[in-house]
Amino acid sequence: MKNNDEYSAATTYHSLGGVFLMKKDYTAAIKNYNLSLELNLKYEDEYNATGALHGLAMVAEAKDDFDAAEDWFKQSISILLRYDDYYRLALSYAHLGNLAVGRKDVGTAIKWYESALEIYGQIDDPVNEKVVIDTLAQLRELSDKDETVNP
């Protein structure tokens, strides 16, 4: 393949990763996200590599591999912070909140969701802002009712 074709293939692999994730073919999703990541890094496109990192995190989350998902999301976040991509940053924070809920760590979940909420308010995203507000209300209600939950 020519370099431009090879570089463009990163987007195709990313899209295929998403298709396989939706079909719950996690092995194929991981393979395609890894190919996308490899090509983006080869061509020093770390910003677009965040899409593959996010995809790998989503696969790990779907498989309840919370540690791997957290690692992938945090790698993506470290790059997104350099590019001021607040929308994707807030999305990653919300996913980290989801992981904390999966671990039954309500206190950590609330902190991640509050970080996402702050950004959604700043970037004027009322739809995601409402989703996070509702999630926070449910978590706070849960933590008020159950003294064994770590708020």
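Observations on the structure shown:
- Residue within region 134-146 that is more than 20 Å from GLY51 (Cα to Cα) and buried (at least 19 other Cβ atoms within 10 Å of the Cβ) present: yes
- For GLY97: the one exception among (1) surrounded by 20 or more Cβ atoms within 10 Å (Cβ to Cβ); (2) assigned by TED's automatic domain parsing to the domain that holds MET58: (2)
- Subset of region 29-64 [surrounded by fewer than 16 Cβ atoms within 10 Å (Cβ to Cβ) and farther than 25 Å from ASP84 by Cβ]: LYS31, ASN34, GLU38, ALA62, LYS63, ASP64
- Pairs where the first residue, in region 63-89, is under 10 Å from TYR47 (Cα atoms) and the second is in a helix (DSSP H, G or I) and among the acidic types (Asp, Glu), C-beta under 7 Å, 6+ apart: ILE79/GLU46
- Condition met for SER76 (among the hydroxyl-bearing types (Ser, Thr, Tyr), buried (at least 17 other Cβ atoms within 10 Å of the Cβ), assigned by TED's automatic domain parsing to the domain that holds LYS31 and modelled with pLDDT of 95 or more): yes
- Answer residue from region 10-20, given it is closer than 27 Å to ASP84 by Cα and in contact with a helix residue (DSSP H, G or I) (Cβ under 6 Å, 6 or more places away or on another chain) and is surrounded by the most Cβ atoms within 10 Å (Cβ to Cβ) among those: GLY17
- Residues that are under 12 Å from ILE79 (Cβ atoms) and part of a helix (DSSP H, G or I) within region 26-52 comprise LEU37, ASN40, LEU41, GLU46, TYR47, ASN48, ALA49, THR50, GLY51, ALA52, listed in sequence order.
The values are calculated or read from the model by the stated rules, or taken from the named source; none is laboratory data. If you're wondering where the values come from, they're calculated on a predicted model, not measured in any experiment. Ideal geometry is used to build each Cβ from the backbone, glycine not excepted, and the neighbour counts take in all protein chains shown.
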